[in-house]
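What follows is a set of notes on a single structure, which appears directly below.
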Amino acid sequence: GDSVTQMEGPVTLSEEAFLTINCTYTATGYPSLFWYVQYPGEGLQLLLKATKADDKGSNKGFEATYRKETTSFHLEKGSVQVSDSAVYFCALIANDYKLSFGAGTTVTVRA
Amino acid sequence: ETGVTQSPTHLIKTRGQQVTLRCSSQSGHNTVSWYQQALGQGPQFIFQYYREEENGRGNFPPRFSGLQFPNYSSELNVNALELDDSALYLCASTLAGTGTKEYGYTFGSGTRLTVV
């Protein structure tokens, strides 16, 4: 079945540090890939997405590139802020049109 | 364009009771999914409704049931509550078909259910 594996946390960084969260997937067909973010006490917000190979999704300084050859969709940000502290979920939608999530990575940014 | 709204935001129930959670989908979305998110874990798919019919279900027992209404609002019902049902319940909506893979799902803020 479809599945998503993302790096385990928690990840703790200083402000202005570089952030990478690894995500790999297994899916039938040609999935769409997503990163969702969950701030404390809130629901999920779509951060960025990519729907085909080599697409780069970007939003709020975050980027991720759809790599079909390595079945990966790693999330990166060049300079994090305290406000980026949240839980980040990698997810995919394959041919069944349902979201499959990774386990989530908790990121804490210290001032 | 309205987003996805859920009610109530918090709820406390006693083991064995029944609960109904409500969701109003984003305008124009005809598909709704429900997820359970236990503390510290990722969301787990409960089921999905399209045009008022269930068209997919995760690994949840029959005491979890749902309804979708013609105005695309929906309900999640849980009977015979157990302590392990304590979780954040998330509703998400999308436009069925190619729209789903293109745009993903829009989530509500969730209902925090505590079973004591």
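The numbers here are math on the coordinates, done by the rules we state, and not lab data. Everything numeric here is computed off the predicted structure, so don't read it as measured data. In this analysis, Cβ positions are derived from the backbone assuming ideal geometry, glycine residues included, and neighbour counts consider all displayed protein chains.
A few remarks follow.
- Amide H partners (placed H, <5 Å) of A:Leu13, local residues excluded: A:Thr108, A:Val109, A:Arg110
- Sites matching GluC sites (Glu not before Pro) across the range B:48-89 that sit in DSSP coil, with at most 16 neighbouring C-beta atoms within 10 Å: B:Glu52, B:Glu82
- Antiparallel content of DSSP bridges confined to the protein assembly as shown, in %, to 5: 90
- Extension gain, A:Asn95 to A:Ser83: 0.36 nm times the residue separation minus the Cα-Cα distance gives 0.8 nm.
- Derived scalar couplings ³J(HN,Hα) [the range B:27-44; Karplus, 6.51 cos²θ - 1.76 cosθ + 1.60; whole Hz; x for Gly, Pro]: 3, x, 8, 10, 10, 10, 10, 10, 10, 10, 10, 6, 4, x, 10, x, x, 10
- Nearest-0.05 FRET efficiency for B:Asn71 and B:Gln17, computed from C-beta distance (R0 22 Å): 0.20
- Computed E for A:Arg110/A:Lys52 - FRET, C-beta separation, R0 35 angstrom, nearest 0.05: 0.40
- In straight-distance terms, cross-link reach from A:Lys49 covers every one of the lysines whose alpha-carbon lies under 21 Å from its own, apart from those fewer than eight places away in the same chain; here that gives A:Lys60, A:Lys68, A:Lys77, A:Lys98, B:Lys101.
- Averaged over the residues of A:98-106, the number of partner chain Cβ atoms lying within 10 Å of the residue Cβ comes to 5.
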